[in-house]
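The values are calculated or read from the model by the stated rules, or taken from the named source; none is laboratory data. None of these values were measured; they are calculated from a predicted model. We place every Cβ from the backbone using ideal geometry, glycine too, and count neighbours over all the protein chains shown.
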């Protein structure tokens, strides 16, 4: 499985759109710095995934995630491929027995298929949308992620992997 975290926040993300030629179309935006993180491990081979919403990126949250991933995959061995963020290599990281971690080379997000999954989720939840509160955004993202089917996750993540 490949793993990464991604930040989602109330600050608007403007994307491309179609507009009538010669007109300027107003696009609502919202400034804000409230955010949360999705932690996800996904397999490009079969589309299985495990996602948690956590308030920040640090060793404590990473330990919570690893424990949940381990529990969801009891009886299975997991090879978890991730980048080398500080909290991924922390001496306080508690890696369950059924998980082995391998780190990607520095500055190589193109090697992590989960990056494509983040782009897909963001394109369908936050681009050109304004959320009045962090709670509303959290609900929208969680509902979207909960509806992701394994076949779609596999298709998104495997496009340049297999």
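The figures follow:
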{"read-out": "Residue identified as farther than 22 Å from residue 85 by Cβ, surrounded by 14 or more Cβ atoms within 10 Å (Cβ to Cβ) and in contact with a helix residue (DSSP H, G or I) (Cβ under 9 Å, 6 or more places away or on another chain) among 104, 134, 148", "value": "148"}
{"read-out": "Unmet requirement for residue 120, which otherwise passes all of (1) under 13 Å from the mean Cα position of the chain (by Cα); (2) surrounded by 19 or more Cβ atoms within 10 Å (Cβ to Cβ)", "value": "(2)"}
{"read-out": "Residues that are over 28 Å from residue 147 (Cα atoms), in a helix (DSSP H, G or I) and in contact with a strand residue (DSSP E or B) (Cβ under 7 Å, 6 or more places away or on another chain), drawn from the stretch 47-86", "value": "none"}
{"read-out": "Residue in the stretch 87-104 that is within 19 Å of the chain's Cα centre (by Cα), assigned to a helix (DSSP H, G or I) and either on the phi > 0 side of the Ramachandran plot or modelled with pLDDT of 95 or more (or both) present", "value": "yes"}
{"read-out": "Residue 8 vs. criteria surrounded by fewer than 11 Cβ atoms within 10 Å (Cβ to Cβ) and modelled with pLDDT under 95", "value": "no"}
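Yes/no per residue for (1) closer than 13 Å to residue 6 by Cβ; (2) out of contact with any strand residue (DSSP E or B) (no Cβ under 6 Å at 6 or more places or on another chain); (3) part of a helix (DSSP H, G or I):
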{"residue": "110", "(1), (2), (3)": "no, yes, yes"}
{"residue": "116", "(1), (2), (3)": "yes, yes, yes"}
{"residue": "121", "(1), (2), (3)": "yes, yes, yes"}
{"residue": "129", "(1), (2), (3)": "no, yes, no"}
{"residue": "132", "(1), (2), (3)": "no, yes, no"}
{"residue": "135", "(1), (2), (3)": "no, yes, yes"}
{"residue": "140", "(1), (2), (3)": "no, yes, yes"}
{"residue": "143", "(1), (2), (3)": "no, yes, yes"}
{"residue": "151", "(1), (2), (3)": "no, yes, yes"}
